[in-house]
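Report on the structure given below.
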2 protein chains.
Amino acid sequence: MATQPNLDELCINTIRTLAMDGVQKAKSGHPGMPMGMAAAAYVLWTRILRHNPQNPKWMNRDRFILSAGHGSMLLYSLLHLTGYDLPLDELRRFRQWESKTPGHPEYPEVPGVEVTTGPLGQGFGNGVGMAIAARHLAARLNAPGFPVIDHRIYAIVSDGDLMEGVASEAASLAGHLRLGNLIYLYDDNGITIEGSTSLAFTEGVPQRFEAYGWHVQAVTGNDLEGVEAAIRRAQGVSDRPSLICTRTHIAYGSPNKQDTAGAHGAPLGEDEVRLTKRNLGWPENETFLIPPEALAVFREAVRRGERLESEWRQMLGGFASAHPERHQLYHTLADGGLEEGWEHCLPAFGEETKPVATREASGKCLSALFPHAPGLLGGSADLSPSNDTYVKGFGDFSAGNYAGRNFHFGVREHAMGAILNGMALHGGLVPYGGTFLVFSDYMRPSVRLAAMMKAHVIYVWTHDSIGLGEDGPTHQPVEHIAALRTIPGLVCIRPADASETSEAWRAALLWTSGPVALFLSRQKLPVIDRTSFASAGGVHRGAYVLAEAQGGRPDVILIASGSEVVVALQARELLQTRQVKTRVVSMPCWEFFKMQDPAYRESVITRSVRLRVSIEAGVSFGWERWVGEDGLIIGLDRFGASAPYETLMKEFGFTAENVAQKVLERLR
Amino acid sequence: MATQPNLDELCINTIRTLAMDGVQKAKSGHPGMPMGMAAAAYVLWTRILRHNPQNPKWMNRDRFILSAGHGSMLLYSLLHLTGYDLPLDELRRFRQWESKTPGHPEYPEVPGVEVTTGPLGQGFGNGVGMAIAARHLAARLNAPGFPVIDHRIYAIVSDGDLMEGVASEAASLAGHLRLGNLIYLYDDNGITIEGSTSLAFTEGVPQRFEAYGWHVQAVTGNDLEGVEAAIRRAQGVSDRPSLICTRTHIAYGSPNKQDTAGAHGAPLGEDEVRLTKRNLGWPENETFLIPPEALAVFREAVRRGERLESEWRQMLGGFASAHPERHQLYHTLADGGLEEGWEHCLPAFGEETKPVATREASGKCLSALFPHAPGLLGGSADLSPSNDTYVKGFGDFSAGNYAGRNFHFGVREHAMGAILNGMALHGGLVPYGGTFLVFSDYMRPSVRLAAMMKAHVIYVWTHDSIGLGEDGPTHQPVEHIAALRTIPGLVCIRPADASETSEAWRAALLWTSGPVALFLSRQKLPVIDRTSFASAGGVHRGAYVLAEAQGGRPDVILIASGSEVVVALQARELLQTRQVKTRVVSMPCWEFFKMQDPAYRESVITRSVRLRVSIEAGVSFGWERWVGEDGLIIGLDRFGASAPYETLMKEFGFTAENVAQKVLERLR
């Protein structure tokens, strides 16, 4: 779709001036990047991108990610101009309370925004996750003549993105997996916040990406035909991801601020905005001006998008007849990835007499779930034998087998986090990823974003305490359980035994409104006899009375999670023989418990019972919430140590004897 | 120092068998890596490394880092063999309670261990930090004929290290800075935990490192002369860091486990140990055998080390006469980096009438401190204009000016964290690093290790709440303050105004037994009138009564930190006019407060005052500790939003009016 040069220029300057005006009106924001990348983005959005502004959820749309999320006005301008449900008034309310145009792009608040970006490097990794999802779905669904999933993932990435380790990890994996459906434009403007990139970033970016196995090109951002040709060449390379190094000028057109760090993160200023408009041949006193002929060019996207989706739907109709099973699978995947009746497949551990590590129980759950939860795809950051995340018989996802459902992330926890987010947001998958709980720190920025975006991602974090033993303090999570509980919207479940693990997996799949973290033991744990004690179904309420006090109103309530629940049960035995009426509460999930009605909560954590004792092999931080001012916290407010786990549990006081003794001291 | 081939082999097999035996006895650990790298490590430790086993703290020693810390038996074997204070009995107690041979190398517990490693990628980054420290000290101290600091930093890094983003970030920076004093041996054994590296790691490592600006060579690990020649060539390249790709065989010599993932993280098994010994020509029933002639070779290090250090000390004597000022600086730096009387230079803000952001006050502190605290060196992860971390007049650290004291980390928070640790552990520096508080997540694994190692690192984390405004929830820390408080040994200080900021910096420099984090505001805050209210010196006690209740025993205690302290003061005004006797406690640092005696704590947080109210613009998690069961937490248990900060503070209830109203509702 070639247009006249003048009209192109008019369209590009529309983006530039909208960005300037939005930032200037907000008195806050980042004008430079949108002005520099306007031309390349214009080419991408008007000549390349296959999307339908009227249906931002069309399954086979191309995805566009603004990894350099600070340039949000670029994206908001494009969304408005191409006909998404983002009125111009919202652009005028850039960065204001409850506007649809927050400082950085936010998912799912803004229609057409595929993912929340801003923390650098994340969008880069999210795109890799989406490309993986697309390749996987294509491998399982497509049939000759029926390209159900054949879209691409585009992104604009910045110097900052490329400096972040998470992007390096994701890039290495994308090259390894030969993700030819990934095309990234690198906004190479030579400027960061502190000044020239020469201050800290002089590596050979093209050479680095070639080393990763990427297809690399270089173009000039304002050369429309050059940008278009480069993207089309990248499309032709189906076995390698593409990086198009796009030389640009930050704040292009600004007489005094172009190519300076001053244009990165602050408004240009009223005067400079006016000077820039004059320089670009724009009416200098107009703001938020959209020339009708420019709008017409952009709005072509609406008609085109309708056609693209309608053709696809027609194909999908044929697909339903020709490949009914695959078509059924498509719908199952698109609707959440679970077959009807999936819940019945979860293993029951009632018969087990031997102790089972909850990581091992989790592995059994995954094996049972895989055939009935076709959306499940996941793996580990090179710890699958330890995390029990590998499911036999379902293949390994690789460049030679995109249909494989076991994923090898490599020793790349952070990229794993970002990729899981991308997979989840793509749709069609329920992704999970495992590592040691202590390494949740490595992926924490992505976990936070999953929570913010309410992405349905499942974390399989094993080796969840000093109970991992000999590897020592570097590998023993002590503060992690508490630290993860602080993240709003992250559901954390620490099952006490195999039965609770099964319920935890059920909960993880049912809870689709955000990420779910499973904290699992390395060490073997007895399977609690549910004929004597309460059902593990209590997991879904977050905390429940596992064993009621014998002989009347409790003198003490022991509250424990995970591997310490059995310690609490054993302490109860000791205490009951000493006539101390002892209730044991299993509390695998604070977040679920907080959602319960006050009466239920009171029935479990009864405030009038003044001696409430928490037992958890981690920092005490936060437990006052449940034990109160007269309670007792049995925790570990220091780093662990290297020794066999039984020694550690004893030395650090996580034994029935110590718990009972502490309680008796208090009651004396 | 050439030895006979047979003797070399004997020495190398001593390392291999010690590693096998240690792991086998512990029934836990990683035998494969030490066996594969034994030959290369032997060359490094007997022919190259300039160190003094009798004085592991000799300032100009070469540093050796085992970044692949799981191979700890390699390091423990070398330390014992070369004469460090690590008896053979400790090797027999590998991974046992209170042994000197924990699962992963731990600093400062084990003599000769330079840094705690194990979480992959960290050691790689620590080495870069040490190389920076060495180059910096050399630039400020060395004079012709007096190479006070001219040592090198060596490390063994693994596939896992190279996959981690933190290593990529650090590698890019090391190349940019032309750190020729850095020589890394890459243990290229082709195996990770999940199997062959071909599962997830097929990038061109040499090409990638060349793109970063490194000097790259390839050798065979068991080719002693080849390894030695490569290291010597690397030494000759003074303007580029070196990577020596060392092809090795995991579990070399094991007939059934060599080159398999099974040899990575588990004992070989009694039988295989025996078979391996037989295969290596070793007495198969002996354990922890050290042939005397092998020991003699290793123990050469003692005599050589004594000579090296004594020559250096002699040189230092001459240096003292020839360059007395530099010699004085050397001692100031080696002794903590602070000149006598440095405290007096800290700015007082008593006279300020205009509001000052605490980040800005922090910038003023740094500028005042720099001339009197010559050990201070630091900067920001590309946010110095926002973090106020740049100190004019002290130059920029760069390949052309290693004496510069302002550091540009680039957008590399994680590497910054690891590099700061390396700088601190090198000695001679008090390093600091800044970013937005929200991005503390990106560097959290390194922060944890700083706390574990008690490394004196200072974090300047600004934009510490929703008070940063328009950038929105991706950039607004909400859970971070709580999450950082969970890390054992990390001191977190959130000053209320400029005066407390000055005291916070004083505390940060005085507290040398671990890392200190400063949480600083983006927004301007009134400078509290200390003639009416208590002195900011209360910062050192963690919490203090800023304003006592008027008219007798308090009805309510308002406890606040940072920007919310002024809100508390204003709420007190409102409440006192309503006859509510209100005490205001400023609580900048939980950790310091917990160290106070109970009587002081009770005088501040008086438990008999039942209505205690916390006000902090972050999650409520953990505040029950101070407000108790009848108290009130005014916090933010959700992500923030994009809008001007005054709007956010109002909408989310951080106003005097809301606080007063909430208190009145409770008292009604």
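Please treat every number below as a calculation from the coordinates, not as lab data. Because the structure is predicted, anything quoted here is derived from the model rather than measured. Quick reminder, even Gly has a Cβ in these numbers, built from the backbone with ideal geometry, and neighbours come from all protein chains shown.
Per residue of chain B, the DSSP helices (runs of n ≥ 4 H) give a summed -39500 (n - 2.57) that works out to -12500 deg cm²/dmol at 222 nm. The separation of segment A:207-221 from segment A:295-337, counted between C-alpha centres, amounts to 33 Å.
Over segment B:353-434, what is the percentage of antiparallel beta bridges among all DSSP beta bridges, to the nearest 5? Intermediate results must be reported in sequence, preceding the final value.
Values: 1 of 10 bridges.
If I count the DSSP bridges inside segment B:353-434, around 10 percent turn out antiparallel.
Here chain B is described by how far its Cα atoms reach on the three principal axes: 90, 59, 45 Å, from widest to narrowest. Secondary structure note: in segment B:342-498, about 5% of the DSSP beta bridges are antiparallel.
With both residues required to sit in the protein assembly as shown, DSSP beta bridges show an antiparallel share near 15%.
Rounded to two decimals, the Cα-based Rg/Rh of segment A:428-480, with Kirkwood Rh, is 1.05. In plain terms, the C-alpha convex hull of the protein assembly as shown casts an average shadow of 49.7 nm² when viewed from every direction. Among the GluC sites (Glu not before Pro) in segment B:66-134, those located in a DSSP loop and surrounded by at most 13 other Cβ atoms within 10 Å of their own Cβ are B:98.
For segment B:440-520, what D do you get in µm² per second when you plug the Kirkwood radius from alpha-carbon pairs into Stokes-Einstein at 25 °C and 0.890 mPa s?
Working: Rh = 13.1 Å.
Reported coefficient: 188 µm²/s.
Would you kindly calculate the mean projected area, averaged across all directions, of the convex hull enclosing the Cα atoms of segment B:352-433, in square nanometres?
On the way: hull surface 23.4 nm².
Projected area, direction-averaged: 5.9 nm².
Chain B residue nearest by beta-carbon to the axis mapping B to A, with distance in Å: B:165, 1.
Among B:480, B:408, A:414, a tally of other beta-carbon atoms within 10 Å of each Cβ gives an order, fewest to most, of B:408, B:480, A:414. Relative to the other identical copies, residue B:661 shows label-point distances of 5.3 nm, where the label point lies 7 Å from Cα along the Cβ direction and values run shortest first.
Inter-copy label distances for residue A:296: 9.6 nm (label point placed 7 Å from Cα along Cα→Cβ; shortest first). Once the gyration tensor of the Cα atoms in segment A:1-78 is diagonalised, the equivalent ellipsoid follows with semi-axes of 22, 18, 10 Å, ordered largest first. Which of the aspartates and glutamates could a cross-linker bridge to residue B:277, judged by Cα under 19 Å and excluding same-chain residues fewer than eight apart? Correct list for residue B:277: B:8, B:9, B:21, B:259, B:286, B:293. Remark: mean inter-chain Cβ contacts per residue of B:431-440 equal 1, using a 10 Å Cβ-Cβ cutoff to other protein chain atoms. Counts of other chain beta carbons within 10 angstrom of each beta carbon in peptide A:155-163 average 3.
Were the residues from residue A:286 through residue A:510 laid out at 0.36 nm apart, the gain over their Cα-Cα distance would be 75.5 nm. Here is how far apart the residue A:256 label points are across copies: 7.9 nm, shortest first, using a point 7 Å from Cα toward Cβ. Less than 22 Å apart at the alpha-carbon level, and either on another chain or at least 8 residues along: which lysines does that give for residue A:581? Excluding near neighbours in sequence, the set is A:662.
Could you work out the relative contact order of chain B? I mean the mean sequence separation of Cα pairs under 8 Å and 6+ apart, divided by the number of residues, in percent.
Numbers: 1478 pairs, mean separation 78.7, N = 668.
Value for chain B: 12 percent.
How big is the gap, in Å, between the Cα center of segment B:118-145 and the Cα center of segment A:223-256? First find each Cα centre; the distance between them is then 39 Å. Counting Cβ atoms of other protein chains within 10 Å of each residue's Cβ and taking the mean over peptide A:477-490 gives 6.
So which of B:454/B:594; B:524/B:594; B:27/B:100; B:392/B:454; B:364/B:392; A:392/A:454 end up more than 21 Å apart by C-alpha?
Details: B:454/B:594 18 Å; B:524/B:594 29 Å; B:27/B:100 17 Å; B:392/B:454 30 Å; B:364/B:392 11 Å; A:392/A:454 30 Å.
Table pairs above 21 Å Cα-Cα are B:524/B:594; B:392/B:454; A:392/A:454.
For segment B:263-280 versus segment A:51-110, the spacing of their alpha-carbon centroids is 60 Å.
Hey, what D do you get for segment B:3-152 in µm²/s if you plug the Kirkwood alpha-carbon radius into Stokes-Einstein at 25 °C and 0.890 mPa s?
On the way: Rh = 16.1 Å.
Calculated translational D: 153 µm²/s.
Using the Cα coordinates of segment B:392-465, the gyration tensor eigenvalues translate into equivalent-ellipsoid semi-axes of 20, 16, 10 Å, sorted from longest to shortest. Of all aspartates and glutamates in the structure, those lying under 17 Å Cα to Cα from residue A:57, and not within fewer than 8 positions of it along the same chain, are A:85, A:106, A:109, A:114, A:150, A:306, A:309, A:311, A:335. The share of alpha-carbon pairs in segment B:471-622 lying farther apart than 24 Å comes to 30%.
Ranking of B:85, A:497, B:555 by neighbouring Cβ atoms within 10 Å, starting from the fewest: B:85, B:555, A:497. In the protein assembly as shown, a dipole from Cβ-located charges (positive for Lys and Arg, negative for Asp and Glu) runs towards its positive end, and of B:580, B:110, A:288 it is B:580 whose Cα lies farthest in that direction.
Counting other beta carbons within 10 Å of each residue's own, what order do B:620, A:446, A:238 fall into, fewest first? Mind showing how you got there, number by number?
Values: B:620 19, A:446 31, A:238 11.
In order of increasing Cβ crowding within 10 Å: A:238, B:620, A:446.
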